[in-house]
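Report on one structure; see the data block that follows.
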Amino acid sequence: MNPEFFAALLSQQGILIVERRENGGFRAIGQAPDWCSALLPADFASAESLAPEGIISFLEYFIPEAERFWAEGGDGELRSGIWIESCPNGAEPRLVATACVVSGQKLLLIRRIEKEFEQLQRVYQKGRELLLTHERLLSETAKKEILLHCIIHDLAGPLAGITGTLQVLDSEDLSAQGRQFVELGRRAARQQSCLIDDLLATFRAEIGALDTIDPNPVLAPDIVSCARDVLDMLLPAFAARDVTGRIDVAPDLPERVLIRGEKGRLERIFHNLIQNALRYTPAHGEIAITFRQEGAAVKVTVEDQGPGVSPEVISQLFQKFVRGGSNRGKSGLGLYFCRISVEQWGGAIGCESREGGGTRFWFRLNLV
């Protein structure tokens, strides 16, 4: 392509082309764009060789970098940062220069970028606003966390006293009715303790989106191992209700089923789902926990043999403070905790009634 034609084409796009001469000076190629008239010297278009400072002042700082770029072969392009140039008429155009080599010619392409600059400013402004919003959220979260821990402390202190008192009473010579009342009190204390645990776990899960999960596979939790640990921990509860638990792992899954998540919260998810199934499963029943691979994810199901859940309740089960139809649950936060944890890890969770009775809870998490 003829250099003059190429220069004229770029001039129509508002781009000034300057050639670096063998003597170290510069000259314009083709017609300068309209924006140059207020910025360049009058003899610019006709001059055969001008020093960098004779063109635009900011080139004094960019030319040394361009010279190194050309000396190294000029592969690709080298772009300057945005520069605001002061003109004699008071105008302040925003400019950017690009050094390149075309057919052996060392060229500078200088462009005015008012629209791009305004867009960039809007992006920076939006970024600053989002940063301030993020900092405010962190500050508000910290205040809420302090308040929550103060409330938990105020609840846990008297609860510890009540529990201690009931233990002392239990060692006394009480009537059968007295022991029954002590056991009712201990049961209520345990329920209150579980409520406190649910409040703390749910709050931490809600702010868990601010945390990052380490992608290192060495630190990823084994989802099957987590389920086994929780099932072992709940064995006394299973024995008390005369219910059995079974884990079924598909043969195509690896020996260690590592998922994207956090071990402590994953164990609490299993604890909530298994305990929920245990609450509704009748004596001599079974709770089955299955693991199946679905593409790049693992699907876990927890099935009970209880009365099942109506479709109206299923649609609301994972909302905050919603409990099952019989209200035999605790705080209404357990399933909500499961949902926000699984979704924060990029997974999905759901519930459905089983044919022949019972309920199937399921969740899906990405494999590492």
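The values are calculated or read from the model by the stated rules, or taken from the named source; none is laboratory data. Quick caveat: nothing in here was measured; it's all calculated off a predicted structure. As a convention, Cβ positions derive from the backbone with ideal geometry for all residues, glycine included, and neighbour counts pool all protein chains shown. Only protein heavy atoms, including side chains, enter the accessible area calculation; ligands, DNA and RNA are left aside. Shrake-Rupley method; radii C 1.70, N 1.55, O 1.52, S 1.80 Å.
Excluding same-chain neighbours fewer than eight residues apart, the lysines reachable from LYS126 by a Cα-Cα span under 26 Å are LYS115, LYS143.
Among the aspartates and glutamates, select those whose C-alpha is under 12 Å from the C-alpha of LYS320, and discard any that sit fewer than 8 residues away in the same chain. Hits, sequence-local ones excluded: ASP198, GLU206. Using the Cβ atoms and a cut-off under 14 Å, what net charge is assigned to the surroundings of GLY178, where Lys and Arg are +1 and Asp and Glu are -1? Combined, the nearby Lys, Arg, Asp and Glu give -2. How high is the FRET efficiency between GLU343 and ASP242 when r is their beta carbon distance and R₀ equals 30 Å, given to the nearest 0.05? Taking R0 as 30 Å, the efficiency between GLU343 and ASP242 is 0.30.
Among THR244, THR359, THR163, the sequence by solvent-accessible area, most first, with a 1.4 Å probe is THR244, THR163, THR359. The lysines within cross-link reach of LYS106, meaning a Cα-to-Cα straight distance under 20 Å and a gap of 8 or more places when in the same chain, come to none at all.
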